[in-house]
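Trainee: Dumping the structure here so I can ask a few things about it.
The values are calculated or read from the model by the stated rules, or taken from the named source; none is laboratory data. This is a predicted model, so every value here is computed, not measured. Here the Cβ positions follow ideal geometry from the backbone for every residue, glycine too, while neighbour counts run over all protein chains shown. Ligands, DNA and RNA are stripped out before the accessible areas are found, and what is left, the full protein with its side chains, is counted by its heavy atoms. Shrake-Rupley method; radii C 1.70, N 1.55, O 1.52, S 1.80 Å.
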Amino acid sequence: MGERYWEVDAVRGISLIGMIIFHITSLMVIFHMIFTLDWYYEVCRYIHLGTSIFVIISGVALVLRYGRMAGHSKREYHVAILKRGIEIFLIGIAIAVIASVAIHFFVRDGNYMLFNFLQMMGLSMIICIPFLRLGKWNIIPAAILIWAGFAIKSIHTGPIWLLPLGALPDGMFYPRDYFPLLPWVGVMLLGVAIGSVLYPNGVRRFHIPDAGSLGKAFSLVGRHTLAIYLLHLPIIAAILYVIMVVSNALGMPFGYL
């Protein structure tokens, strides 16, 4: 079994914490706890940076998985990634359905969740499988796919079947938690290229000091990203909803933030 590198988990943990802060802010906007949106827009400016780091690290993790599967064939390595990708994609579908039902009954703005972060992550992992053999040369398809994502975004509209790629039907709301495959699969391939340079065959090729207490804390978060991602949204949403209901009942509505 290959070594697990603390710095990779720590960076993933830090980026996940950033995403959680964004989700808290977004939920406060949805529940009308924030009426002054300047601060919210300021948070939005940085969310794609944190998300990009998370997706890049996920690409690096695909390379590290090879090191952790020492003694297994490449076919077994690819099958393991395929199974994990399918698992994450199906969890993403379940979340989209549950969230859309909740939006219908509690928010009622008609803006549902159609292709979310986990759906993108699961499919991107699967798409990356045939590219893994390219190693550091994944920088080329990564650049092409990232460029294609910006190109599709400039088109703005397209048939419904292009929604997973980044084009929305004319007049359609921008879905909640929307992460199209383009450019994000390119970002994950960028992570594969970086991982192939820094961790060839899943083995670290540079020296780094041992993690301190703070590094260990972030690393612990990074080791359990899926569980934390799944749990934090319903817990935070429930807490904020109760606060909103109680504060309104007491005549102290939010809205001063």
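Trainee: Please indicate, with yes or no, whether at least one residue in segment 122-143 is under 19 Å from the mean Cα position of the chain (by Cα), within 17 Å of TRP184 (Cβ to Cβ) and open to solvent by 80 Å² or more (accessible area, probe 1.4 Å).
Mentor: no
Trainee: Could you please find all residues in segment 209-240 being at pLDDT 90 or above and not in a helix (DSSP H, G or I)?
Mentor: Answer for segment 209-240, where residues must be at pLDDT 90 or above and not in a helix (DSSP H, G or I): just HIS224.
Trainee: Take segment 81-108 and flag every residue that is open to solvent by less than 60 Å² (accessible area, probe 1.4 Å) and more than 17 Å from LEU226 (Cβ to Cβ).
Mentor: SER100, ALA102, ILE103, VAL107
Trainee: Sticking with this structure for a sec: Scanning segment 176-207 for residues that are without any contact (Cβ under 8 Å) to a residue 40 or more places away in the chain and part of a loop (DSSP other than H, G, I, E, B), which turns out least open to solvent (accessible area, probe 1.4 Å)?
Mentor: PHE206
Trainee: Is at least one residue of segment 218-240 farther than 24 Å from VAL11 by Cβ and touching a residue at least 12 places away in the same chain (Cβ under 8 Å)?
Mentor: Checking segment 218-240: at least one residue is farther than 24 Å from VAL11 by Cβ and touching a residue at least 12 places away in the same chain (Cβ under 8 Å).
Trainee: Another one. Say we look at segment 60-78 and pick out the residues that are in a helix (DSSP H, G or I) and open to solvent by 50 Å² or more (accessible area, probe 1.4 Å); which of these is nearest to LEU114 (Cα to Cα)?
Mentor: So the residue we want is HIS78.
Trainee: Is it true that some residue in segment 231-240 is exposed (fewer than 15 other Cβ atoms within 10 Å of the Cβ) and either touching a helix residue (DSSP H, G or I) at 6+ places or on another chain (Cβ under 7 Å) or of a type in the set (Phe, Trp, Tyr) (or both)?
Mentor: no
Trainee: Checking the condition modelled with pLDDT of 85 or more and either closer than 30 Å to ASN201 by Cα or small (Gly, Ala, Ser) (or both), which residue from SER26, SER58 passes?
Mentor: Answer to the selection: SER58.
Trainee: I need the full set of residues from segment 161-175 which are under 20 Å from ALA99 (Cα atoms) and open to solvent by 50 Å² or more (accessible area, probe 1.4 Å), in order please.
Mentor: Answer for segment 161-175, where residues must be under 20 Å from ALA99 (Cα atoms) and open to solvent by 50 Å² or more (accessible area, probe 1.4 Å): MET172, PHE173, TYR174.
Trainee: Let me ask something additional. How many residues does segment 144-156 hold that are touching a residue at least 12 places away in the same chain (Cβ under 8 Å), open to solvent by less than 60 Å² (accessible area, probe 1.4 Å) and more than 21 Å from ILE57 (Cβ to Cβ)?
Mentor: 2
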